[in-house]
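A.B. asks: This is the structure I have questions about; it appears just below.
The values are calculated or read from the model by the stated rules, or taken from the named source; none is laboratory data. Being a predicted model, the structure only gives us computed values, none of them experimental. Don't worry about glycine lacking a Cβ; one is built from the backbone with ideal geometry, like all the others, and counts go over all protein chains shown.
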Amino acid sequence: MIYLDHNATTPIRPEVRTAMLPFFDESFGNPSSPHTVGRRVADAVDGSRAQVADALGVATDTIHFTSGGTEADNWALKGVLDAHWLKHRSHGRLVTSSTEHHAVLDTANTLARHGVTVAYQPVDENGIVDVQALMETVAASPAPQLVSLLHANNETGVLQPVAQLGAALRERGVLFHVDAVQSLGKVDLQELAQVVDLMSISAHKINGPKGTGALYIRPGVEIEPLLHGGGQEQGRRPGTLHAAGIVGFGAAVEAATHDGLASMARLGELRDRLQDGLSDLVGDVVVHGGNVDRLAQTLSVSFVGVEAEAVLLGLDQVGIAAASGSACTSDSPEPSHVLLAMGVEPRVASSAVRFSLGWGNDEAQIDQILEMLPPLIARLREMSVF
Ligand SMILES: Cc1ncc(COP(=O)(O)O)c(C=O)c1O
């Protein structure tokens, strides 16, 4: 199998699996228990928290483990606006963009139903939010507000100017949440972490386990819990900790910050080889976000005139895994909201395929795709009534 769907999820690295195994076995204790079996697990959780904090260059007690990126995003938005409501009995305001992941977009829509004013900032044809326009949107309202923005887009890999925005928003005293689920392990986040108030990350995008993530919360940020129960995570995120997952997250972050970041140049060359090859050999292709800063391992490309689903089926039949739009929405036949927001025609957006490379990919695999994809597209174009 050739796996080119790493933005959906990644395989677990052997060293991550090895680190996790004892926590399904002899180290099964509850990290909140004061006995030896519990304390041993609590020590391991603390170690992972330090590994995640080091990767972001932040203090250890600012990292709060969650069940993944979705929970971290929900918590950041709902928690900050709920804290505002409880303190001031007034709904705050949320500014976000039209190309967010659904974990933010659907949370924003829910908050809007509960009375929060939500502004969706548009993007340009490259998928980028205009910093000045966003700052004008912020300035247009006196209401205390939260800005939430995706760092690297999961569909196109396009990177938003979050560092620049973070500095400008801090100057105005506006809280800033960044969804860095796709950029962790692919881009160094240490500088960015200094100018944001909240940041969501997830283990399974960096060769760690599914069901584990974290929310960075800058000291002093007022945020209510999303869940209610025990006193775990400084009383902010109750629930018995998923120790095996957290230990795996620590090991995955460690591997990603050493070898993962270094491998991005190699993956960038492979991605460019694929992009150039497809442009030369297939013809009538549109690369989305190709002219701006984007993740080195992501390629979103439309094969104009064919449905993406037909391409994916053809690829799957020969053992190649790729995606159309984001995996979380692939049940839906609607063209990607990200591409539509970039002004891509619905017909072209419906033919977009996402190839996302990772740790196990090599040149021979890319060449194999370049050999089999052009005849597949030609065949589909001949048959197409689309
Ligand atoms: C940008 C982004 N944010 C959030 C999520 C959700 O993360 P998780 O799968 O850990 O819940 C994803 C997953 O695809 C994502 O790509």
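A.B. asks: Does at least one position in the stretch 103-118 carry a residue that is in contact with a strand residue (DSSP E or B) (Cβ under 8 Å, 6 or more places away or on another chain), aliphatic (A, V, I, L, M), part of a loop (DSSP other than H, G, I, E, B) and modelled with pLDDT of 95 or more?
C.D. replies: Filtering the stretch 103-118 down to residues in contact with a strand residue (DSSP E or B) (Cβ under 8 Å, 6 or more places away or on another chain) leaves 103-105, 108-109, 111-112, 116-118.
Filter again for aliphatic (A, V, I, L, M), leaving 103-105, 108, 111-112, 116, 118.
Keeping just the survivors that are part of a loop (DSSP other than H, G, I, E, B) gives 116.
Keeping just the survivors that are modelled with pLDDT of 95 or more gives 116.
Looking for residues that are in contact with a strand residue (DSSP E or B) (Cβ under 8 Å, 6 or more places away or on another chain), aliphatic (A, V, I, L, M), part of a loop (DSSP other than H, G, I, E, B) and modelled with pLDDT of 95 or more, one finds at least one in the stretch 103-118, hence yes.
A.B. asks: What residue, among those in the stretch 119-148 that are of a type outside the set (Gly, Ala, Ser) and in a helix (DSSP H, G or I), is surrounded by the most Cβ atoms within 10 Å (Cβ to Cβ)?
C.D. replies: Among those residues, the one meeting the criterion is 134.
A.B. asks: Collect the residues in the stretch 149-167 that are farther than 21 Å from residue 258 by Cβ, in contact with an Asp or Glu (Cβ under 7 Å, 6 or more places away or on another chain) and not in a helix (DSSP H, G or I), keeping them in residue-number order.
C.D. replies: 150, 159
A.B. asks: Another question, then. Going through the stretch 99-130 one residue at a time, which ones are farther than 23 Å from residue 299 by Cα and of a type in the set (D, E, K, R)?
C.D. replies: In the first step, residues of the stretch 99-130 are kept if they are farther than 23 Å from residue 299 by Cα; the result is 106-121.
Within the stretch 99-130, 106, 113 meet the criteria.
Residue-by-condition table, conditions (1) over 21 Å from residue 7 (Cα atoms); (2) buried (at least 21 other Cβ atoms within 10 Å of the Cβ); (3) in the same structural domain as residue 166 (by TED's automatic domain parsing):
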{"position": "57", "(1), (2), (3)": "yes, no, yes"}
{"position": "69", "(1), (2), (3)": "no, yes, yes"}
{"position": "86", "(1), (2), (3)": "yes, no, yes"}
{"position": "92", "(1), (2), (3)": "yes, yes, yes"}
{"position": "95", "(1), (2), (3)": "yes, yes, yes"}
{"position": "110", "(1), (2), (3)": "yes, no, yes"}
{"position": "114", "(1), (2), (3)": "yes, no, yes"}
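A.B. asks: Could you tell me which numbered condition residue 170 fails, if it satisfies all but one of (1) farther than 29 Å from residue 275 by Cα; (2) in contact with a helix residue (DSSP H, G or I) (Cβ under 9 Å, 6 or more places away or on another chain)?
C.D. replies: (2)
A.B. asks: Also, I was wondering about something else. Taking interchain pairs and intrachain pairs at least six residues apart, which have beta carbon atoms under 7 angstrom, with the first residue in the stretch 32-57 and within 19 Å of residue 203 (Cα to Cα) and the second surrounded by fewer than 17 Cβ atoms within 10 Å (Cβ to Cβ) and of a type in the set (Val, Ile, Thr)?
C.D. replies: Close Cβ pairs (under 7 Å, with a partner that is surrounded by fewer than 17 Cβ atoms within 10 Å (Cβ to Cβ) and of a type in the set (Val, Ile, Thr)) amount to 49/60; 50/60; 53/60.
A.B. asks: Just checking: which of the helices (runs of 4 or more DSSP H) contained wholly in the stretch 168-259 hold 3 or more residues that are away from the ligand (no atom under 13 Å from the Cβ), of a type outside the set (Phe, Trp, Tyr) and surrounded by 24 or more Cβ atoms within 10 Å (Cβ to Cβ)?
C.D. replies: Ranges flagged: 243-255.
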